[in-house]
Amino acid sequence: MQITETLSDGLKRGFTVVVPGADLTEKREKRLAELSKTMQMPGFRPGKVPLSMVRRRFGDAVAAEVLEASVNDATDRMLAERSLRPAVSPKVEVVNPGTETDLEFKVEMEILPEVKIPDLKAISLTRPKAPVTEAEIDEAMAKFADQRASLEPIEETRGVAKGEILTVDFLGTLDDVPFDGGAAQDTDVEIGGSGFIPGFAEQVEGLAPGEHRVITVTFPADYQAANLAGKEATFDITGKALKRKIPAVLNDTFAEANGFENLAELRKFFGERLEGARAGASRMKLKRALLDKLAEQADFPTPETLVDAEFAEIWRQVEAERAADRLDAEDAAKDEATLRSEYRAIADRRVRLGLLVAEIGRSNNVQVSEQDLRRAMIQELQQFPGQEKMIVDFYQKNPRAMDRLRGPIFEDKVVDYALELATVTDQEVSPEELFADSDD
């Protein structure tokens, strides 16, 4: 096999590979001979079909099979001999198929850069922690009890007061045009409660069943629906029924009615839930800080093919958000070129960080076990009750889909490995500080 390098530009490599035609002829003849031993044709005993007939019937298919195998084998040998690691599958162009002369083909690729792993022991990080207090558990239990309060009708005819509930129908409009999600019937509005747009419940106060009222409300600037954020809407409201809450009593009977042995077990449950949520937020912030530190030290070129693919995925999401009018105000104010440039930089950072994380894991033999994958699949099954069999069947029929589970597990294992070496200092913060920017 003869290899000639034709391109060496940054991470781009190109080669011309020539494989002696005699090698391909030998492989074709061997394959045809194998077929002749099993081929059956009328008038011939099994295995006695003349080679000339086998060649006439299967010659083209065997030539194509041998060509593909020879190109793949030669490419793999070349990569191994030169210690090259392609970023994506190499692009192959056959110049001469080697049916009568030598096989000649061209290979072009981008290779993975040499990734230098920083000194993980030199990394210093701060882990935010917010201990759960007894008062916070009390508050969580009180909210739980409030959600399970019973309602009783108020028979007297009067306007709704704070702490009471009015069942209403309403229709919301923007510039006299109804908008999606702006209409509802038989909706309970608690005066002084949460869950509605600021200013909505406040203006419902005093409305009585059978009465009609038109109010104006301004959606918050950070409202989840970008098409409504910061805009003024009008709501046409009709009162229907007045109710009051009958608070639930926090005792063993209440706990048993909600699936717990006693009130102590209910309290333990809420304590553990609060601690779990805070541990998750703390872990996420620590992980983000570690990755930021690693990104700062990821000083190596990135393969354009990987950046292009990452950017294409990011941009597809951006365009989907824009089409649905959900693009945040900051991005919506930017021109196309600026937006593309910023997201291209994000794509480059993701690829660079991904290569560094992969190299840390590879160099330190970080492995994802079958048990890890099974555990991740069980967690996914728990999120989709009733669809367990469909999900299991999907993974059994699509082994590559396991990579969707494997990637995050591998990253977390590398993060755990790095955190064991880094210097981590705990810092007590408030719950508000802990959860701030947790969705970024």
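The values are calculated or read from the model by the stated rules, or taken from the named source; none is laboratory data. Because the structure is predicted, anything quoted here is derived from the model rather than measured. Note: ideal-geometry Cβ built from the backbone for every residue, glycine included; neighbour counts use all protein chains shown. These area figures cover heavy atoms from the full protein model, side chains too; ligands, DNA and RNA do not enter into them. Shrake-Rupley method; radii C 1.70, N 1.55, O 1.52, S 1.80 Å.
Got the relative contact order for the chain handy, in percent, Cα pairs under 8 Å and 6 or more residues apart?
Details: 599 pairs, mean separation 74.9, N = 440.
RCO, the chain: 17 percent.
For the range 68-215, what's the radius of gyration and Dmax over Cα atoms, in angstrom?
35.1, 101
Using a basic spin-label model with each label point 7 Å from the Cα along Cα→Cβ, how many nm lie between Asp76 and Glu93?
A separation of 2.6 nm, rounded to one decimal place.
Modelling each spin label as a point 7 Å along the Cα-to-Cβ direction, I'd like the Arg400/Lys245 distance in nm, to one decimal.
Going by the 7 Å Cα→Cβ label model, 5.3 nm.
Ranked highest first by average number of other Cβ atoms within 10 Å, how do 241-252, 320-331 line up? All intermediate terms of the calculation are to be shown ahead of the outcome.
Working: 241-252: 14.4, 320-331: 12.2.
Sorting 241-252, 320-331 by mean packing, highest first, produces 241-252, 320-331.
Taking the dipole about the Cα centre of the chain, with the C-beta of Lys and Arg at +1 and of Asp and Glu at -1, give me whichever of Ala329, Ile237, Leu266 is farthest to the positive side.
Most positive-ward Cα: Leu266.
For the pair Phe384 and Lys231, what calculated FRET efficiency results from E = 1/(1 + (r/R0)^6), where r is the Cβ-Cβ distance and R0 = 30 Å, to the nearest 0.05?
Details: r = 36 Å, r/R0 = 1.19.
That gives a FRET efficiency of 0.25.
What list of ³J(HN,Hα) values in whole Hz, one per residue of the range 162-170 in order, does the Karplus curve 6.51 cos²θ - 1.76 cosθ + 1.60 (θ = phi - 60°) give from phi, with Gly and Pro shown as x?
Karplus-based 3J(HN,Hα) across the range 162-170 equals 4, x, 9, 10, 10, 7, 9, 10, 8 Hz.
Using only the Cα atoms, work out Rg/Rh for the range 24-150, with Rh taken as the Kirkwood radius, to two decimals.
Values: Rg = 32.6 Å, Rh = 21.5 Å.
Result for the range 24-150 is an Rg/Rh of 1.52.
Once phi is turned into θ = phi - 60°, what whole-Hz ³J(HN,Hα) does the Karplus curve with 6.51, -1.76 and 1.60 give for every residue of the range 50-63, x standing for Gly and Pro?
Once rounded to whole Hz, the list reads x, 4, 4, 6, 4, 5, 5, 7, 10, x, 5, 5, 5, 4.
222 nm [θ] for the chain, helices only, -39500 (n - 2.57) per DSSP H run of 4+, per residue, to 500?
Details: 13 runs with 209 residues, N = 440.
The helix-only estimate for the chain comes to -16000 deg cm²/dmol at 222 nm.
Length gain on complete extension for the stretch Ala333 to Gln185, per 0.36 nm per residue less the alpha carbon to alpha carbon distance? Show your work: numbers first, answer last.
Values: separation 148, 0.36 × 148 = 53.28 nm, distance 3.65 nm.
Once the chain is fully extended between Ala333 and Gln185, it gains 49.6 nm.
Taking only Cα atoms, what is the 0 to 90° angle, nearest 10, from helix 21-38's long axis to the longest principal axis of the chain?
Compared with the principal axis, the helix lies near 80 degrees.
What is the gain in length, in nm to one decimal, between Trp315 and Arg85 on full extension, counting 0.36 nm per residue of separation less the C-alpha to C-alpha distance? Please report the intermediate quantities before stating the final value.
Working: separation 230, 0.36 × 230 = 82.80 nm, distance 2.75 nm.
That works out to 80.1 nm of additional length.
Mind checking the full-extension length gain between Arg273 and Glu420? Use 0.36 nm per residue of separation minus the Cα-Cα distance, one decimal, nm. Don't skip to the end; give the middle numbers.
Details: separation 147, 0.36 × 147 = 52.92 nm, distance 2.58 nm.
This chain segment gains 50.3 nm when fully extended.
With a Förster radius of 30 Å, plug the Cβ-Cβ distance of Ser124 and Phe300 into 1/(1 + (r/R0)^6) and report the FRET value to the nearest 0.05.
Efficiency computed from Cβ-Cβ geometry: 0.85.
Between Thr253 and Ser341, what is the spin-label point distance in nm, taking each point 7 Å from the Cα along the Cα→C-beta axis?
Going from the Thr253 label point to the Ser341 one covers 7.0 nm.
Ranking request for peptides 65-73, 162-170: highest mean number of other beta-carbon atoms within 10 Å first, then the rest in descending order. List each step's numbers first, then the result.
Numbers: 65-73: 16.4, 162-170: 18.3.
Descending packing order for the listed peptides: 162-170, 65-73.
Over the C-alpha atoms of the range 370-440, what are the Rg and the largest Cα-to-Cα span, Dmax, in Å?
Cα-based Rg and Dmax for the range 370-440 come out at 17.1, 47 Å.
Which shape class, rounded, prolate or oblate, goes with the range 107-171 when its Cα gyration tensor gives a ≥ b ≥ c as root eigenvalues, a/c under 1.5 marks rounded, and past that a/b bigger than b/c marks prolate? Each step should come with its number before you reach the end.
On the way: a/c = 5.86, a/b = 2.33, b/c = 2.51.
Taking the square roots of the gyration eigenvalues as a ≥ b ≥ c, the range 107-171 is oblate.
Quick check: at a probe of 1.4 Å, how many percent of the accessible area of the chain sits on carbon and sulfur atoms?
Numbers: 13130 of 26930 Å².
Roughly 49 percent of what the probe reaches on the chain is carbon or sulfur.
Run the dipole for the chain about the Cα centre, Lys and Arg Cβ at +1, Asp and Glu Cβ at -1, nothing else charged, and hand back the magnitude in debye, nearest 20. Can you show the working numbers first?
Numbers: 58 positive and 83 negative charges, 526 e Å.
The calculated dipole for the chain is roughly 2520 debye.
For Phe260 and Ser150, what is the calculated FRET efficiency with R₀ set at 22 Å and r taken between the beta-carbons, to the nearest 0.05? Kindly include the intermediate steps, with their values, before the conclusion.
Working: r = 19 Å, r/R0 = 0.87.
Once the sixth-power term is evaluated, E becomes 0.70.
In this model, which of Lys389/Lys413; Lys162/Lys231; Lys116/Lys287; Lys231/Lys285; Lys162/Lys243 are farther than 22 Å apart at the alpha-carbon? The partial results should precede the final answer.
Details: Lys389/Lys413 28 Å; Lys162/Lys231 27 Å; Lys116/Lys287 20 Å; Lys231/Lys285 33 Å; Lys162/Lys243 11 Å.
Correct reply: Lys389/Lys413; Lys162/Lys231; Lys231/Lys285.
Please report the Cα spread of the chain along all three principal axes, rounded to whole Å, starting with the longest.
Cα spread of the chain along its principal axes, largest to smallest: 102, 64, 55 Å.
What number, in percent, do you get for the relative contact order of the range 133-233 if the mean sequence gap of Cα pairs under 8 Å and at least 6 apart is divided by its residue count?
Dividing the mean separation by the residue count of the range 133-233 yields 23 percent.
Quick check: the angle from helix 134-147's long axis to the longest principal axis of the chain, C-alpha only, nearest 10 degrees?
80
Please list, in order, the residues from the range 401-440 whose amide nitrogen is less than 20 Å from a point placed 7 Å along the Cα→Cβ vector of Ala221.
Residues 436-440 qualify, since their backbone N sits under 20 Å from the label point.
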